[in-house]
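Visitor: Take a look at this one; I'll ask things after.
The values are calculated or read from the model by the stated rules, or taken from the named source; none is laboratory data. Computed from a predicted model, the values in this text were never measured in an experiment. Cβ coordinates were reconstructed from backbone atoms using ideal geometry, including for glycine residues, and neighbour counts include every protein chain displayed.
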Amino acid sequence: MRLKRSWIEVSRSAIAANFEAVRALVGPQVEVAPVIKADAYRHGAIKVARILAPLGARWFCVSSVDEGIALREAGIDSRILVMADSLPDSLRRAVAHRLTPVLHDVAEIAKLDQAPEPVDYHLKIDSGMGRLGTRAGAANIAAAVAAARVARLDGLMTHFASAADYVSEQTGGQCEAFDRLVGELADRGVRPHWKHLSSTTAVAYGRREAWGNLVRPGHAIHGYVSQVRAGDAPPRNLLRVRPALAWKAAVLAVKELPAGAPVGYGAQFVTPRPMRIAVIAAGYADGIPHRLSNRGKVIAAGAWAPVLGAVSMDVTTIDASAAPGLRPGDSVTLIGREGAVSQDAQQLARAAGTISYDVLCGISARVERVFVD
Ligand SMILES: *Cc1c(COP(=O)(O)O)cnc(C)c1O
């Protein structure tokens, strides 16, 4: 097999097990709608959907109509919720591909109602995040819903701004605002089937009052749950998931440098002693955060290998002192496990001063993706 410069391995069994773990936690009364936007956080949306649809995923969530169309064209027949696309032509294209749009403004209901045949939509409520979603009151919403002839309100949703922060009262406030509006709409005869508020954090930490009858986990499906800032009652992560993605890079060169040798752009590192270094075939153009310069580490021959100097566009230099057996053509691990040593996207992100979502989505298209069992 031709050695790749850098590649990711996505575990089918991990994706499946993570989905099943979420299902087991929320129980049969709550639908699990995996969020596979951004190409399933770079894991590959079509393949991930093909793993989950046969396991019973009746819904998927994406951000854009284009992402939804790609799934439809790959033969995915589950319902697809398009969560963040209100560009001018999007509603028409969503309808044409049997996607379920999320509307963020009551005025969009009349627009969708121009569809030639019955079409479902979900309406997003801005319960306090201050991003997408309508801030209209129940009377306005109910009037627009009732005025529609073919557009049918199938769900009400909202999204939390601070679900991982149990010190803040924002999530409780958002739940109350959402529930109040749902109640006021019900009083006016508007009772859509689906109600959903929760992404991974609110699921994993058991905020059951926010599960409604559908949850939207993305991070958890790919194997991650964020740490929370705990308030009075420290919440416990109830969900056992494991990272589905490993990230590797090939070793281009290994060499010995004398003491006092500068390494890489700007001579940001100078060897304090004779050192064995290795140059790996991935850099910031592959998604290794530039902020890992002189900070991050990878795993080489089962041992930690710190990043030396600046991360370059196509290559990164590492300290291979602890990996005397490392040779050109070997691979190192950026995310994953070698023996007893492991690093996940959260650890890599912490070193780079960012979040795991950013690291995963930032793995660039030229990093080849392979699926493993
Ligand atoms: C991205 C997103 C999710 C999934 O969030 P995770 O933290 O990855 O579980 C759920 N709902 C909405 C509206 C989103 O944008």
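Visitor: With respect to VAL95, is the statement that it is crowded, with 17+ Cβ neighbours inside 10 Å, closer than 30 Å to GLU169 by Cα and more than 13 Å from the ligand (Cβ to nearest atom) true?
Guide: Spelling it out, it is not the case that VAL95 is crowded, with 17+ Cβ neighbours inside 10 Å, closer than 30 Å to GLU169 by Cα and more than 13 Å from the ligand (Cβ to nearest atom).
Visitor: Could we say that ALA351 is more than 15 Å from the chain's Cα centre (by Cα), among the small types (Gly, Ala, Ser) and over 14 Å from VAL298 (Cα atoms) here?
Guide: For ALA351, the condition - more than 15 Å from the chain's Cα centre (by Cα), among the small types (Gly, Ala, Ser) and over 14 Å from VAL298 (Cα atoms) - is not met.
Visitor: Let me ask something additional. Inside the stretch 261-373, counting only strands (runs of 3 or more DSSP E) that do not spill past its ends, which hold 2 or more residues that are at pLDDT 95 or above and more than 30 Å from ILE46 (Cβ to Cβ)?
Guide: Strands (runs of 3 or more DSSP E) meeting the threshold: 275-280, 297-300, 303-306, 316-319.
Visitor: Being out of contact with any helix residue (DSSP H, G or I) (no Cβ under 6 Å at 6 or more places or on another chain) and of a type in the set (Gly, Ala, Ser) is the filter; apply it to the stretch 201-225 and report the residue that is farthest from the ligand (Cβ to nearest atom).
Guide: Looking at residues that are out of contact with any helix residue (DSSP H, G or I) (no Cβ under 6 Å at 6 or more places or on another chain) and of a type in the set (Gly, Ala, Ser), I get GLY206.
Visitor: Between residues in the stretch 166-185 that are in contact (Cβ under 8 Å) with a residue 24 or more places away in the chain and residues that are part of a loop (DSSP other than H, G, I, E, B) and among the charged types (D, E, K, R), which pairs lie under 9 Å by C-beta distance while being six or more apart or on different chains?
Guide: Pairs found: TYR166/ASP232; VAL167/ASP232; THR171/ARG207; CYS175/ARG207; ALA177/ASP126; VAL182/ARG191; LEU185/ARG191.
Visitor: If LEU308 passes every condition in (1) surrounded by fewer than 20 Cβ atoms within 10 Å (Cβ to Cβ); (2) in contact with a strand residue (DSSP E or B) (Cβ under 8 Å, 6 or more places away or on another chain); (3) closer than 14 Å to ILE277 by Cα but one, which one does it miss?
Guide: All conditions are met except number (1).
Visitor: Take GLN170 and tell me if it is within 18 Å of the chain's Cα centre (by Cα), farther than 27 Å from ARG58 by Cα, of a type outside the set (A, V, I, L, M) and within 16 Å of the ligand (Cβ to nearest atom).
Guide: So GLN170 fails the test.
Visitor: Which residues, taken from the stretch 124-155, are in contact (Cβ under 8 Å) with a residue 40 or more places away in the chain, hydrophobic (A, V, I, L, M, F, W, C) and either within 16 Å of the ligand (Cβ to nearest atom) or in a loop (DSSP other than H, G, I, E, B) (or both)?
Guide: Hits for the stretch 124-155 are ILE125, MET129, LEU132.
Visitor: Has the stretch 11-28 got any residue that is within 27 Å of ILE288 (Cβ to Cβ), crowded, with 17+ Cβ neighbours inside 10 Å and touching a helix residue (DSSP H, G or I) at 6+ places or on another chain (Cβ under 8 Å)?
Guide: Yes: the stretch 11-28 contains one or more residues that are within 27 Å of ILE288 (Cβ to Cβ), crowded, with 17+ Cβ neighbours inside 10 Å and touching a helix residue (DSSP H, G or I) at 6+ places or on another chain (Cβ under 8 Å).
Visitor: Return a yes/no flag: does the stretch 242-250 have any residue that is away from the ligand (no atom under 16 Å from the Cβ) and within 19 Å of the chain's Cα centre (by Cα).
Guide: Yes, the stretch 242-250 contains at least one residue that is away from the ligand (no atom under 16 Å from the Cβ) and within 19 Å of the chain's Cα centre (by Cα).
Visitor: Tally the residues that are of a type outside the set (Gly, Ala, Ser) and either part of a helix (DSSP H, G or I) or under 13 Å from PHE371 (Cβ atoms) (or both), restricting the search to the stretch 23-41.
Guide: So the answer is 6.
Visitor: With respect to GLU73, determine if the residue is away from the ligand (no atom under 16 Å from the Cβ) and of a type in the set (Asp, Glu).
Guide: Here the answer is yes, as GLU73 does meet what is asked.
Visitor: Which of the residues belonging to the stretch 75-91 are surrounded by 11 or more Cβ atoms within 10 Å (Cβ to Cβ) and closer than 19 Å to PRO54 by Cβ?
Guide: Result: ILE76, ASP77, SER78, ARG79, ILE80.
Here's the yes/no breakdown for (1) within 18 Å of PRO101 (Cα to Cα); (2) in the same structural domain as VAL82 (by TED's automatic domain parsing); (3) exposed (fewer than 14 other Cβ atoms within 10 Å of the Cβ):
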| site | (1), (2), (3) |
| --- | --- |
| PRO118 | yes, yes, yes |
| LEU123 | yes, yes, no |
| ASP126 | yes, yes, no |
| MET157 | yes, yes, no |
| VAL167 | no, yes, yes |
| GLN170 | no, yes, no |
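Visitor: Which of the residues belonging to the stretch 178-200 are among the small types (Gly, Ala, Ser) and away from the ligand (no atom under 16 Å from the Cβ)?
Guide: Across the stretch 178-200, the qualifying residues are GLY183, ALA186, GLY189.
Visitor: For the stretch 8-22, check the following and say yes or no: at least one residue is hydroxyl-bearing (Ser, Thr, Tyr), in a strand (DSSP E or B) and either in contact (Cβ under 8 Å) with a residue 60 or more places away in the chain or over 25 Å from TRP194 (Cα atoms) (or both).
Guide: Taking every residue of the stretch 8-22 in turn, at least one turns out to be hydroxyl-bearing (Ser, Thr, Tyr), in a strand (DSSP E or B) and either in contact (Cβ under 8 Å) with a residue 60 or more places away in the chain or over 25 Å from TRP194 (Cα atoms) (or both).
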